[in-house]
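Structure record follows, encoded as structure tokens.
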Amino acid sequence: MQLETRSEHAELITMSDVSSRLLFALQMASAASELILKHYQADGLLVESKSDDSPVTVADRGAEQLIRRMLAESFPQDGILGEEFPSVPGTNGYRWIIDPIDGTKAFVHGVPLFGTLIGVESDARMVAGVCRFPALDEVVYAAEGQGCWWQIRSQAARRTEVSGIATLRDARMMFTEPTHWKATGRFDSIVSVMNQVKVARGWGDCYGHAMVATGRAEVAIDPLMSPWDIAALIPILREAGGTCTDWKGIETVTGGDGVSVVPGLKDAVLTVLKNAPALPE
């Protein structure tokens, strides 16, 4: 048997570390889904407003607390960045980036397109991501070098890829909140893309990006994205054969905006978005 070189051994350890974290992310997302569904479409759900006027519920906070407890027990050296609570520094280069309910507005209005996002970052690179839709009982997930997978209810998970569409006139575009378009001064840029596509639908938040990863749409555009909104989506789109970047085309969690797009349309879409006004400070 050929002995592994030091670099090969280190790579195997890294892959093992990422795989174990992906499996644990799937377990946490499933556990969080059970908690979230106890509050979904429930009478008397209390909805509070955060400092940025976005909604938050007991389900958001409870799901993130559950995930943080599970991480503290199994990966105590890993860092944590979540939407609802202060960040936790890590000591080993790994960081979990969590959005317990991406699409809280959909959740509080009984629309089933909200999701739980869990991303794994290693030395500033997103290496694994889980996007679970509790109300749909679907999950899309990926780890670096292992492909992107889509499971619907109890069906076997199947590998998924982005579509091969290469012209905007044949493309399907997803978007989230038109109110943000004017607030960020980016209305014209988004409408410019929208006017060129075949279909544009407001199936937004993480669901729209998952549509791209699973070949059911070609473009998903968000003028505002926090790190926890985009982190898990980056490796999912990458492993599905597409890209999830900021509007400058950079794969980052701190760009402030985001676009998921198939390879054949990347240049055309980014040409428009790169010329959009910068985000307000």
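Taking the condition of being aliphatic (A, V, I, L, M), modelled with pLDDT under 95 and surrounded by fewer than 17 Cβ atoms within 10 Å (Cβ to Cβ), how many residues in the stretch 151-190 meet it? It would help to see each step written out before you state the result.
First, pick out the residues of the stretch 151-190 that are aliphatic (A, V, I, L, M): 152, 156-157, 162, 165-166, 168, 171, 173-174, 183, 190.
Next, only the ones that are modelled with pLDDT under 95 stay: 183, 190.
Those left that are additionally surrounded by fewer than 17 Cβ atoms within 10 Å (Cβ to Cβ): 183.
Qualifying residue count for the region: 1.
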| Counting only residues that are assigned to a helix (DSSP H, G or I) and touching a helix residue (DSSP H, G or I) at 6+ places or on another chain (Cβ under 8 Å), how many does the stretch 179-206 have? | 9
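Given the options Ala124, Ala128, name the one that is farther than 18 Å from Gly215 by Cβ, surrounded by fewer than 21 Cβ atoms within 10 Å (Cβ to Cβ), touching a Gly at 6+ places or on another chain (Cβ under 9 Å) and hydrophobic (A, V, I, L, M, F, W, C).
Working: Ala128 fails: surrounded by fewer than 21 Cβ atoms within 10 Å (Cβ to Cβ).
Selected residue: Ala124, the only one of Ala124, Ala128 that is farther than 18 Å from Gly215 by Cβ, surrounded by fewer than 21 Cβ atoms within 10 Å (Cβ to Cβ), touching a Gly at 6+ places or on another chain (Cβ under 9 Å) and hydrophobic (A, V, I, L, M, F, W, C).
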| remark: Restricting the stretch 27-53 to residues that are of a type in the set (Gly, Ala, Ser) and surrounded by 12 or more Cβ atoms within 10 Å (Cβ to Cβ), the one farthest from the chain's Cα centre (by Cα) turns out to be Ala42
| task | Check Met173 against each of (1) more than 22 Å from Thr104 (Cβ to Cβ); (2) outside the structural domain of Ala213 (by TED's automatic domain parsing) and name the one condition it does not meet. | result | (2)
| remark: Output for Cβ contacts, cut-off 9 Å, separation at least six or different chains, first residue free of Cβ contacts under 8 Å to residues at least 12 places away in the same chain in the stretch 132-156, second among the hydrophobic types (A, V, I, L, M, F, W, C) and surrounded by fewer than 17 Cβ atoms within 10 Å (Cβ to Cβ), reads Trp149/Ala157
| query | Residues of the stretch 145-193 being out of contact with any strand residue (DSSP E or B) (no Cβ under 9 Å at 6 or more places or on another chain), basic (Lys, Arg) and under 18 Å from Gly264 (Cβ atoms), which ones? | reply | Arg169
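The values are calculated or read from the model by the stated rules, or taken from the named source; none is laboratory data. All values reported here derive from a predicted model rather than from experimental measurement. Reconstructed Cβ throughout: ideal geometry from the backbone, glycine too, with neighbour counts over all protein chains shown.
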